[in-house]
Structure formats: structure tokens, C-alpha cells
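Take a look at the structure set out below.
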Amino acid sequence: MTTTRRQDEIVEAALGLLDERGADAVSLRAVADRLGVRLNTVSWHVKTKARLLELMADVILADLSLDDLPDDWEQRIREITRRYRGALLAHRDGARIVAGTYAAERHTLRTAEAMVACLLSGGLPERDAAWACWVLVYFTLGLTQEEQGASELADTLAEAVSPHAHPALTRVFGHLAGGTFAERHDFGLDLIVRSLRTGASAGPAWEPARTPGGDGR
């Protein structure tokens with residue numbers, strides 16, 4: 001059996017553990033037990049748990065299809081981002097795994113390439129296209145992590161929010177846990193894309209503050 005094939009089997013076993021028992025259950029030893037092999041066999045092929053998580057994160061994005069996307073850049077970036085969310089949701093704790101890694105791997109780079117190419121085609125300056133890609137990814141990862149970890153959000157908020165201490169939150173309370181996560185994701189996408197549309201027509205959307213003798217950081 002080739003090294004690549006064995007590594008693929010290890011990642012597949014790890015994803016099986018993830019789907020059945022969640023992210024906390026994933027370890028090199030648990031994967032070895034699942035495959036019926038020694039721990040050092042798994043360690044030889046993936047080296048560390050961090051590397052295993054990177055490989056898992058990349059495979060999570062493998063099923064993200066980039067076929068049949070809209071021609072219009074705004075609709076295309078919305079659809080890619082929705083499909084990105086769908087790929088995360090296809091695995092238990094998928095967003096947590098992807099958010100906890102920086103996988104410069106084939107499927108991850110393919111997704112980022114598609115997003116940045118789309119943003120550039122819409123006329124965004126290069127820096128804005130790069131940073132907008134991060135904004136879309138971070139927003140989607142954060143919201144999807146909340147979705148996958150959500151329990152009784154409304155009950156938890158109801159116990160914590162008081163009209164006296166939190167008048168603004170009390171005023172909008174019905175909306176804090178209202179709507180579906182898909183609706184919230186579309187709402188956020190709409191805000192982001194509308195801002196990007198303005199940036200595409202007006203040039204760079206933001207410049208760092210400069211201080212005398214400083215470097216803007």
C-alpha cells in the first residue's frame with residue numbers, strides 16, 4: 001500500500017471519528033484504534049495531530065463544487081461562500097476543524113483561488129480582494145461554528161439578559177436568536193457584498209491610519 005493511500009485512509013478514519021463523536025474525540029491513538037493498527041503507524045504517516053487536522057480540514061473542502069457558478073461576480077461570490085458553509089456543515093464540528101488550522105493544501109487553495117479570482121473580476125483592487133476573501137472566510141467560519149455548537153441559545157440569553165442592565169439587548173431580544181443560521185449568513189453576505197460593490201467602483205475601501213513617524217500599525 002502506498003504512503004499516500006495509507007494517509008488517505010487515516011484521514012478518512014479521522015473524519016469518521018469526527019462525524020460520530022466530535023472534534024474532541026479525534027486523536028492519533030483513536031484513529032489507530034479505529035484502523036486496528038499501532039499508534040506509531042499512524043504517527044509515521046501524519047506525524048502530528050496538528051498535521052492530521054490540517055489534512056482533515058482540506059478534505060472537508062474537497063466536496064465544495066465550483067461547477068455551474070453564476071457569471072455575475074456578486075452572485076458568484078455569494079454562491080461560493082454558501083457552498084463553503086455547506087462543506088463545513090457536512091461534517092460535525094467541520095467549522096471548528098477548519099478554523100483551527102491553516103491548511104495550505106490543494107482543496108483549500110482551490111477554494112481561495114476561486115474566491116479571490118471572483119473578487120478581482122468584480123474590479124476590486126488586489127489588496128481589497130485578498131482581505132475580502134479573509135472577511136468572507138472568517139465570517140462564515142465564525143457563524144458556522146456557532147451553528148454547530150448551538151444548544152438552547154434563546155433560553156441561555158433569556159436567563160442572562162435583563163431589561164435594567166441590557167436595555168438595548170432587551171429591545172432586540174426577539175431577533176438575537178431569531179431566524180435560521182442560513183438567513184443570518186445570507187444577511188451578513190448581503191452586507192459584505194454591498195460594501196465590496198462600493199469598493200469595486202471607488203477604489204481601495206480602507207487605508208490604515210498613519211501616525212507621524214509610524215508605520216500604520
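For H185, what is the net charge nearby, where nearby means another residue's Cβ is under 9 Å from its Cβ and Lys, Arg count +1, Asp, Glu -1? Walk me through the numbers before you get to the answer.
Working: positive: R82, R85, R184; negative: E147, E183, D186.
Net charge around H185: 0.
Test of understanding: express the Cα radius of gyration of the range 13-104 as a ratio to 2.2 N^0.38 Å, with N the residue count.
Rounded to two decimals, the normalised Rg is 1.26.
Specify whether the C-alpha gyration tensor of the chain places it in the rounded, prolate or oblate class, a ≥ b ≥ c being the square roots of the eigenvalues: rounded for a/c under 1.5, otherwise prolate if a/b is larger than b/c and oblate if not.
Values: a/c = 1.96, a/b = 1.32, b/c = 1.49.
Here the chain falls in the oblate category.
For n ≥ 4 DSSP H runs only, could you compute -39500 (n - 2.57) per run for the chain, divide by its residues and tell me the 222 nm figure to the nearest 500? Let's see the in-between values first.
On the way: 12 runs with 149 residues, N = 217.
The per-residue figure over the chain is -21500 deg cm²/dmol.
Grab the other residues whose beta carbon is less than 9 angstrom from that of Q148, score K and R as +1, D and E as -1, and report the net. Could the numbers behind the result be given before it?
Numbers: positive: R92, R96; negative: D93, E146, E147.
Surrounding charge for Q148 is -1.
What are the membrane-span-like helices in the chain by this rule: whole DSSP H runs, Cα extent along the axis at least 15 Å, mean Kyte-Doolittle hydropathy at least -1.0? Walk me through the intermediate numbers first.
Details: long enough: 3-21 (27 Å, -0.66); 49-60 (16 Å, 0.85); 73-89 (24 Å, -1.05); 106-121 (22 Å, 0.47); 126-149 (35 Å, -0.01); 181-202 (32 Å, 0.04).
Helices meeting the criterion: 3-21, 49-60, 106-121, 126-149, 181-202.
With +1 on each Lys and Arg Cβ and -1 on each Asp and Glu Cβ, how big is the dipole of the chain about its Cα centre, in debye rounded to the nearest 20?
Numbers: 25 positive and 31 negative charges, 137 e Å.
Taking the Cα centre of the chain as origin, the dipole is about 660 debye.
Give me the distance between the Cα centres of the range 136-195 and the range 1-59, rounded to whole Å.
Between the Cα centres of the range 136-195 and the range 1-59 lies a distance of 34 Å.
May I ask for the net charge around A32, where only other residues with Cβ less than 13 Å from the Cβ of A32 are counted and Lys, Arg are +1 while Asp, Glu are -1? Write out the running numbers ahead of the final one.
Values: positive: R6, R29, R34, R38, K49; negative: E9, D33.
Neighbour charge sum, excluding A32 itself: +3.
Every number in this text was worked out from the coordinates using simple rules, so none of it is lab data. Predicted, not measured: the structure shown is a model, and the values here were computed from it. With ideal geometry, Cβ positions are generated from the backbone for all residues, glycine too; neighbour counts draw on all protein chains shown.
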